[in-house]
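Below is one structure, written out as structure tokens, with a few remarks after it.
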Amino acid sequence: MARRFEDKVVVITGAGGGIGRAAAVRFASEGARVVLVDVSASALGESLTAVEQAGGQALAVEADVTQAPAVEGYVQRARERFGGIDCFFNNAGILGAVSPLVDYPEETFDRVMAINVKSVWLGLRAVAPVMIARGGGAIVNTASIAGLRGTPNLVAYTASKHAVIGLTRTASLEFSRHGIRVNAVCPSPVETAMARLLEDGFGPKDPLAARERLTATIPMRRYAKPEEVAALVAFLCSADASYINGAIYTVDGGAMA
């Protein structure tokens, strides 16, 4: 595999989840030093092991990405350990409830917005000055195909991913003069724990039937693999994507075609 990230420093939030872990392994296998950020210590440990097994160097930071001091903390840890940040995969996110809009719990709505939107903004705000001091960098935010259309019974998740796209476009316009590119990836359902929650939400009595209904909306008739999303993220962070900025990439098996 190409070593596109030799001596580069990559920070990944949501690094304990399926996409985050796959991205960490992908970056490490291409030579990066990886800073893994997640709220779950056990999930972080598993991702750290996966990176080390791939031959990579990694630092695990347990942090609540909805809190500014914690976000500033993981950025500072990256600077202290590796000297700076070259790439940032702003990936933390949750599904929230599967519920009609009029019945959606307010506290769940607030939590989804805090993790899926506020944490993205806090990350952009904290990482950008470090990248500017380093002469530039690349940022990828995780949105969703739910951010490109309406989705019944997923009001908070859908709204949050629309917001991530807005943050991405705005940041790309503000940061480009500093040599920082900002893009977003929009996956369809991915073979992760979140997909199980989605199936349980849409088919509590028959998750398998819910899975069949969901995959029927995808021309390729399957979910994405975490590694397929990670490959796109790595491309967007690499020099191969040097003129791509403010772009919103789907990785969805043709679902949005």
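Every number here is computed from the coordinates shown, using simple stated rules; none is lab data. Since this is a predicted model, take the numbers as computed values, not measurements. Positions of Cβ are generated from backbone atoms using ideal geometry, with glycine treated the same way; all protein chains shown enter the neighbour counts.
Points worth noting:
- Taking the number of Cβ atoms within 10 Å of each Cβ as an exposure proxy, the fewest-first ranking of Arg77, Arg33 is Arg77, Arg33.
- Ranked Glu212, Glu80, criterion: other C-beta atoms within 10 Å, fewest first: Glu80, Glu212
- Whole-number D in µm²/s for segment 132-247 (Stokes-Einstein; Kirkwood sum over Cα pairs; 20 °C, 1.002 mPa s): 138
- Take the Cα of Ser242, step 7 Å toward its Cβ, do the same at Leu208, and the gap between the two points is 5.2 nm.
- Relative to the current alpha-carbon distance between Glu106 and Arg149, full extension at 0.36 nm per residue lengthens the span by 13.3 nm.
- Taken over segment 1-136, the ratio of Cα radius of gyration to 2.2 N^0.38 Å equals 1.08.
- Counting neighbouring beta carbons within 10 Å and listing from fewest to most, the residues Tyr157, Tyr223, Tyr104 come out as Tyr104, Tyr223, Tyr157.
- Distance between segment 149-210 and segment 69-87 - C-alpha centres, whole angstrom: 25
- Length gained when the stretch Asp7-Lys225 is fully extended (0.36 nm per residue, less Cα-Cα span): 75.8 nm
- Coupling constants for segment 80-89 follow from the phi torsions by the Karplus curve (6.51 cos²θ - 1.76 cosθ + 1.60, θ = phi - 60°), and in residue order they are 5, 7, 10, x, x, 9, 9, 9, 9, 9 Hz; glycine and proline get x.
- Under 5 Å from the amide H of Gly137 lie the amide H atoms of Ile180, Arg181, each residue being 5 or more positions distant or on a separate chain, with H modelled from the backbone and absent for Pro and chain starts.
- Length gained when the stretch Arg125-Ser176 is fully extended (0.36 nm per residue, less Cα-Cα span): 16.9 nm
- 3J(HN,Hα) along segment 191-200, derived from phi through the Karplus expression 6.51 cos²θ - 1.76 cosθ + 1.60 where θ = phi - 60°, amounts to 5, 9, 4, 5, 5, 5, 5, 5, 5, 5 Hz, with x in place of Gly and Pro.
- The chain - Debye-derived log10 I(q)/I(0), Cα point model, q = 0.08, 0.10, 0.13 Å⁻¹: -0.28, -0.45, -0.77
- Set of lysines near Lys161 by C-alpha distance (under 24 Å), chain-local residues within fewer than 8 positions excluded: Lys118, Lys225
- Dipole magnitude (debye, nearest 20) for the chain, charges at Cβ of Lys, Arg, Asp, Glu: 600
- Think of the chain as a dipole: +1 on every Lys or Arg Cβ, -1 on every Asp or Glu Cβ, centred on the Cα centre; then among Gln53, Ser238, Gly93, Ser238 lies furthest on the positive end.
- A cut-off of 5 Å between modelled amide H atoms, ignoring neighbours fewer than 5 places along the same chain, links Ala60 with Leu36.
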